[in-house]
1. Just for helices (runs of 4 or more DSSP H) wholly inside the stretch 2-80: which have at least 2 residues that are within 16 Å of T145 (Cα to Cα)?
2. Report, by residue number, each residue of the stretch 78-94 that is modelled with pLDDT under 65 and among the small types (G, A, S).
3. Tell me yes or no: at least one residue of the stretch 95-106 is at pLDDT 50 or above and of a type in the set (D, E, K, R).
4. Any residue in the stretch 165-180 that's touching a residue at least 12 places away in the same chain (Cβ under 8 Å): show its pairings with residues that are among the hydroxyl-bearing types (S, T, Y) and open to solvent by 50 Å² or more (accessible area, probe 1.4 Å) at Cβ separation under 7 Å, as long as the two are six or more apart or on different chains.
5. I'm told V25 meets every condition in (1) open to solvent by less than 10 Å² (accessible area, probe 1.4 Å); (2) within 28 Å of L139 (Cα to Cα) except one. Can you identify the failing condition by its number?
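The values are calculated or read from the model by the stated rules, or taken from the named source; none is laboratory data. Just so it is clear, the model here is predicted, and its values are computed rather than measured. Cβ sites come from the backbone with ideal geometry, for glycine too, and all protein chains shown count toward neighbours. With ligands, DNA and RNA removed, areas are computed over all heavy atoms of the protein, side chains included. Shrake-Rupley method; radii C 1.70, N 1.55, O 1.52, S 1.80 Å.
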Amino acid sequence: MDKRESLRLAELAQQGDAAAFEALVTAHEKMVYNLVYRMVGNTEDAQDISQEVFLKAYRYLARFNRQASFSTWIYQIAVNTAIDELRRRKGKETLSLEEEYEGDEKNFHKQYASPGPNVEEQVLEKEGLHSLKQAVFALPEEQKTVVILRDMEGFSYEEIARITGTALGTVKSRLARGREQLRRWLLAEKETGRTSIERRGRHGLF
């Protein structure tokens, strides 16, 4: 879906058109899920967080400025929601799009389809990239976010700055530090043949 069409649908959704919002969800749900999965590394949590992302988008739709990109706005919600989840792993309360959400004048209901088996996870295991996956998860949140957005999702530096709400120079600095950390960890893993990255993760670096 191009930017013009997404903005047209967003305008209709802001006027109360539930079908337009459902079209936006359909267009973005797979990309949002993939982004969230790469951040939290868990299929079940990724599904729940993705559902919460679209509930937040619906709830705060009136705040969306149509001069901006809807995709950037929804990815910003996704990143922030995933980071919040990583910080509060215990005692979370998850909203679901499978439940009815009470709007101002009407009810909104969206059946969020499960994406099925995670193809990325299967490929990672098959290609022997488990250590890389663990290393990305073990990065500090700020570095992990920009590494995922740039090296896995392919966003430009400018887009990442808008999504994360940080300066362009900060994005580049975090990306450089994250890549260097990955390089050092993976070299150490290759030399020792041990699961040092996984131990780092268990000690609170995820």
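1. Result: 18-40, 43-59.
2. Across the stretch 78-94, the qualifying residue is only G91.
3. Checked the stretch 95-106: no residue is at pLDDT 50 or above and of a type in the set (D, E, K, R).
4. V171/Y157; K172/Y157
5. Tallying (1) open to solvent by less than 10 Å² (accessible area, probe 1.4 Å); (2) within 28 Å of L139 (Cα to Cα), V25 fails exactly one: (2).
A quick yes/no check of all residues on (1) under 23 Å from M31 (Cα atoms); (2) out of contact with any Asp or Glu (no Cβ under 7 Å at 6 or more places or on another chain); (3) at pLDDT below 95; (4) in a helix (DSSP H, G or I):
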| position | (1), (2), (3), (4) |
| --- | --- |
| F137 | yes, yes, yes, yes |
| Q143 | yes, yes, yes, yes |
| I148 | yes, yes, yes, yes |
| D151 | yes, yes, yes, yes |
| I163 | yes, yes, yes, yes |
| T166 | yes, yes, yes, no |
| A188 | no, yes, yes, yes |
